[in-house]
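The structure under discussion appears below in the form of structure tokens.
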Amino acid sequence: MTGASRRGLLAALAVALPVLVGVGYSVLASLGLTGPGAAGGGAARLAAVLGEPVVWSGLAWSLWVAAASTALAAAGAVVVAAMFRRGARTDRMARLFAVLPLPIPHLAAAVAGLLLLGQSGLLARLLASLGLLESPGGMPALVYDRAGLGLILTLAWKEFAFLALVAFSVVATRGERLEEVARTLGARPAAVFRRVTWPLLWRGLLPAVVAVFVFVASTYEATAVLAPSDPLALPLLTLERYTDADLTRRGDAFVLALLGMAVSLLAVAAHEWARSRWDRFEP
Amino acid sequence: MTAPTLEVRGVSVPFGDAPGLRDIGFALDPGERLVVLGASGAGKTTLLRAIAGLAPLAAGRLTVGGHDVTARPAESRDAVYLHQTPLLFPHLSVFENVAFPLRIRGYRDSEVRASVAELLESVRLEGLAGRRPHTLSGGQKHRAALARAMAARPAVLLLDEPLSALDPALRDEVRATLLSLQARYRPAMVIVTHDLEDAAVLGDRIGILLGGTLAQLDQPGRLFRRPASLAVARFLGVPNLVAGSVSASQFESALGPIPVEAETPRGPATAVFGSGALHPDPCGSLRGVVRSVHHGPRGVTLRVDVAGIELEAAPGAGAIPDPGDEFSLGLERDRVTVLPGTGDV
């Protein structure tokens, strides 16, 4: 190993160190080997926490919100990347507008979602003033609702900007010239999209989609502002256990953190598996 | 009389706000290869893109097989455009890349397999059908792209600097593949390049694109021996440009009189000739002193001072002289072209 690569490895290790320490501590705390309520080792805490229905309903709800908002954001990103790809001013403006939500903090986006989508929010008032609702209270519940629609819409809007940015880049760097090739080979616009643009886009977007899914599944701020208390989303449940007045329950939070991390690792592993299948030699 | 495979008539293509290409015209018969030579930025790629339907025309008309395709989209022109780098679809195997034109035309699977197998065999890629493009070498990518282009059975194949990014060995390989595919499938070809050797080898005819217009369109032998203007001669890198003047029926210069055709305009003129036209000759009327000797891939050339003018000459069959040697030179006058004007010669 050269000096340069050794220094690179050390730098990478410095970046990873907090994660490794955090995971190590979480494993120890989950096994009752450290932290308040440590009972000298064993899988009792793991079994107890993973046996609670509230944990699995919270996990399922978080996965639903992550899947729905990521799918909406990705679909929007694909549409705008396919539609607004040219150098014309209108296309450049559209691309700029699409990425405008990027710098907005998630907490600000969540509060905006609450003010816009709540039953006394701007949308409800607007619809009522237009006579489409009898009163703002007649607005369907989009925040704190069990389906998480308000949270899904807010996160989809926020993450759409990031995915659109990636999609624009994929189309600009690879798509345009390959589409030209396809066209001169005789492909009509629909065939170009189906056989070239779409396969390139989704392959190029997938790493970002996985990143967004993993982020949304574990995001706290927007969930705290817009999610219902039943079922309680996994990130909220994790913090609730960590801040419980009964300090012996703090160890539960580490079990939940490891569960969240397992979900993320599974998503990344699924992506790597899919990518290796595309890249492998075909018989 | 059959219609030409490709006819380009009075085509103008703007470069942004600039005039760009102006009044370009030529016609190609089936299986004919036209090489368009031009400096970087001359508009060679723009011309190909315009023919392919990827750049709009400001004026002119394009026909393929006698059909007017000027207003048709790229996919309906029967003209396949190959970029300088072989752009294979990265998400498809080599087989599926070559099958692409057949799949979009709705061929049956058995027909696709047979056709792709034949094409892959003709470019010697039959063992790599299942590979992804990123696992191929540069030459293999080029061959796969050529096979894919031929799978579309185009009337016209447009190649943008197909050999320029390749090392010499790979160049020969891709050039040979290109010529064998063309002999087999007979598309008319327009090939743009800035490489004179590629042009000489690949072109049935060569067009010189200068200042947005086709300055000369001719067979390679005639083009290199008889450039139509000083600008073309300079572009072709003709090494010897000697200023003089035409009076009566001869060109007068420091090299002595050279007979010219009767219609040659009187006045300032330039004699243009390659190094092969000037060589050691004990009976020659010119005396020269060797200034330097250059050894290149295509042989030896001499820089010789003749009557105060430095010229490039061939060493002839005898021993290669050394710098400082003085000797007699013969000029093959029938290999000299006299062009009006002197420019900054």
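Every number here is computed from the coordinates shown, using simple stated rules; none is lab data. In this text the structure is predicted, and so the values were computed from the model without any measurement. Because the Cβ atoms are built from the backbone with ideal geometry, glycine has one as well, and the counts that use them run over all protein chains shown.
Test A:VAL263 against the stated conditions and say whether it is within 14 Å of another protein chain (Cβ to nearest Cβ), assigned to a helix (DSSP H, G or I) and not acidic (Asp, Glu).
Details: within 14 Å of another protein chain (Cβ to nearest Cβ): no; assigned to a helix (DSSP H, G or I): yes; not acidic (Asp, Glu): yes.
So A:VAL263 does not fit the description; no.
Could you tell me which residue of segment B:261-278 is farthest from the chain's Cα centre (by Cα), considering only residues that are surrounded by 22 or more Cβ atoms within 10 Å (Cβ to Cβ) and under 11 Å from B:VAL338 (Cα atoms)?
Checked segment B:261-278; the qualifying residue farthest from the chain's Cα centre (by Cα) is B:ALA269.
Every residue in segment A:171-203 that is surrounded by 19 or more Cβ atoms within 10 Å (Cβ to Cβ), closer than 30 Å to A:VAL65 by Cβ and more than 7 Å from every other protein chain (Cβ to nearest Cβ), please.
A:VAL171, A:THR197, A:LEU201
Table: residues versus (1) touching a strand residue (DSSP E or B) at 6+ places or on another chain (Cβ under 8 Å); (2) of a type in the set (D, E, K, R); (3) more than 12 Å from chain A (Cβ to nearest Cβ).
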| residue | (1), (2), (3) |
| --- | --- |
| B:ARG113 | no, yes, yes |
| B:VAL116 | no, no, yes |
| B:LEU120 | no, no, yes |
| B:GLY130 | no, no, no |
| B:THR135 | no, no, no |
| B:GLY139 | no, no, yes |
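If A:ALA211 passes every condition in (1) at the interface with another protein chain (Cβ under 10 Å from one of its Cβ atoms); (2) under 30 Å from A:SER62 (Cα atoms) but one, which one does it miss?
(1) is the only condition that A:ALA211 fails.
Go through A:PHE160, A:PHE168 for me and flag whichever is out of contact with any Asp or Glu (no Cβ under 9 Å at 6 or more places or on another chain), touching a residue at least 60 places away in the same chain (Cβ under 8 Å) and crowded, with 22+ Cβ neighbours inside 10 Å.
Matching residue, one of A:PHE160, A:PHE168: A:PHE160.
Pick from segment A:224-256 the residues that are hydroxyl-bearing (Ser, Thr, Tyr) and in a loop (DSSP other than H, G, I, E, B): which of them is nearest to A:LEU142 (Cα to Cα)?
To start, the set of residues in segment A:224-256 that are hydroxyl-bearing (Ser, Thr, Tyr) comprises A:229, A:238, A:242-243, A:248.
Then keep just the ones that are in a loop (DSSP other than H, G, I, E, B); that gives A:229, A:243.
Values: A:SER229: 14, A:THR243: 28 Å.
Looking at residues that are hydroxyl-bearing (Ser, Thr, Tyr) and in a loop (DSSP other than H, G, I, E, B), I get A:SER229.
Of all residues in segment B:310-345, count the ones that are over 16 Å from B:LEU230 (Cβ atoms) and surrounded by 13 or more Cβ atoms within 10 Å (Cβ to Cβ).
Pass one, segment B:310-345, residues over 16 Å from B:LEU230 (Cβ atoms): B:310-335.
Going one step further and asking which of them are surrounded by 13 or more Cβ atoms within 10 Å (Cβ to Cβ), we end up with B:310-316, B:320-321, B:325, B:327-333, B:335.
The total comes to 18.
For segment B:281-300, check the following and say yes or no: at least one residue is surrounded by 14 or more Cβ atoms within 10 Å (Cβ to Cβ) and within 26 Å of B:ALA228 (Cα to Cα).
No, that holds for no residue.
So which of A:THR238, A:THR243 is within 16 Å of A:VAL55 (Cα to Cα) and either within 14 Å of chain B (Cβ to nearest Cβ) or of a type in the set (S, T, N, Q) (or both)? Step through it out loud before you land on a result.
Numbers: A:THR243 fails: within 16 Å of A:VAL55 (Cα to Cα).
Of the residues listed, the single one that is within 16 Å of A:VAL55 (Cα to Cα) and either within 14 Å of chain B (Cβ to nearest Cβ) or of a type in the set (S, T, N, Q) (or both) is A:THR238.
Tell me the strands (runs of 3 or more DSSP E) entirely within segment B:1-90 that contain at least 1 residues that are of a type in the set (Lys, Arg).
Working: elements: B:6-15, B:18-28, B:33-38, B:59-64, B:79-82.
Fully inside segment B:1-90 and qualifying: B:6-15, B:18-28, B:33-38, B:59-64.
How many residues does segment A:35-92 hold that are buried (at least 16 other Cβ atoms within 10 Å of the Cβ), of a type in the set (Gly, Ala, Ser) and closer than 30 Å to A:ALA208 by Cβ?
Of the residues in segment A:35-92, 11 are buried (at least 16 other Cβ atoms within 10 Å of the Cβ), of a type in the set (Gly, Ala, Ser) and closer than 30 Å to A:ALA208 by Cβ.
Looking at A:GLY137, is it more than 19 Å from the chain's Cα centre (by Cα), in a helix (DSSP H, G or I), surrounded by fewer than 17 Cβ atoms within 10 Å (Cβ to Cβ) and not polar (S, T, N, Q)? Step through it out loud before you land on a result.
Values: more than 19 Å from the chain's Cα centre (by Cα): yes; in a helix (DSSP H, G or I): yes; surrounded by fewer than 17 Cβ atoms within 10 Å (Cβ to Cβ): yes; not polar (S, T, N, Q): yes.
Against the criterion (more than 19 Å from the chain's Cα centre (by Cα), in a helix (DSSP H, G or I), surrounded by fewer than 17 Cβ atoms within 10 Å (Cβ to Cβ) and not polar (S, T, N, Q)), A:GLY137 qualifies.
One residue is enough: does segment B:66-80 have a residue meeting the conditions within 9 Å of chain A (Cβ to nearest Cβ), buried (at least 17 other Cβ atoms within 10 Å of the Cβ), acidic (Asp, Glu) and in contact (Cβ under 8 Å) with a residue 60 or more places away in the chain?
Of the residues in segment B:66-80, the ones within 9 Å of chain A (Cβ to nearest Cβ) are B:73-80.
In the following step, the residues that additionally are buried (at least 17 other Cβ atoms within 10 Å of the Cβ) were identified as B:74-75, B:77-80.
So of that shortlist, the ones also acidic (Asp, Glu) come out as B:75, B:78.
Okay, now just the ones that are also in contact (Cβ under 8 Å) with a residue 60 or more places away in the chain, so B:78.
Checking segment B:66-80: at least one residue is within 9 Å of chain A (Cβ to nearest Cβ), buried (at least 17 other Cβ atoms within 10 Å of the Cβ), acidic (Asp, Glu) and in contact (Cβ under 8 Å) with a residue 60 or more places away in the chain.
Could you say whether any residue in segment B:84-93 is in contact with a strand residue (DSSP E or B) (Cβ under 6 Å, 6 or more places away or on another chain), surrounded by fewer than 20 Cβ atoms within 10 Å (Cβ to Cβ) and within 14 Å of chain A (Cβ to nearest Cβ)? If you could, list the steps in order and put the result at the bottom.
So in segment B:84-93, the residues in contact with a strand residue (DSSP E or B) (Cβ under 6 Å, 6 or more places away or on another chain) come out as B:84.
With the extra rule that they be surrounded by fewer than 20 Cβ atoms within 10 Å (Cβ to Cβ), the set shrinks to B:84.
Narrowing the set further to residues that are within 14 Å of chain A (Cβ to nearest Cβ) leaves B:84.
The answer is yes, given that some residue of segment B:84-93 is in contact with a strand residue (DSSP E or B) (Cβ under 6 Å, 6 or more places away or on another chain), surrounded by fewer than 20 Cβ atoms within 10 Å (Cβ to Cβ) and within 14 Å of chain A (Cβ to nearest Cβ).
Any residue in segment A:222-232 that is crowded, with 16+ Cβ neighbours inside 10 Å and in contact with a strand residue (DSSP E or B) (Cβ under 9 Å, 6 or more places away or on another chain)? Break it down into steps so the answer makes sense when it comes.
Keep residues of segment A:222-232 that are crowded, with 16+ Cβ neighbours inside 10 Å, which gives A:222-223, A:225-228, A:231-232.
With the extra rule that they be in contact with a strand residue (DSSP E or B) (Cβ under 9 Å, 6 or more places away or on another chain), the set shrinks to none.
No, segment A:222-232 has no match at all.
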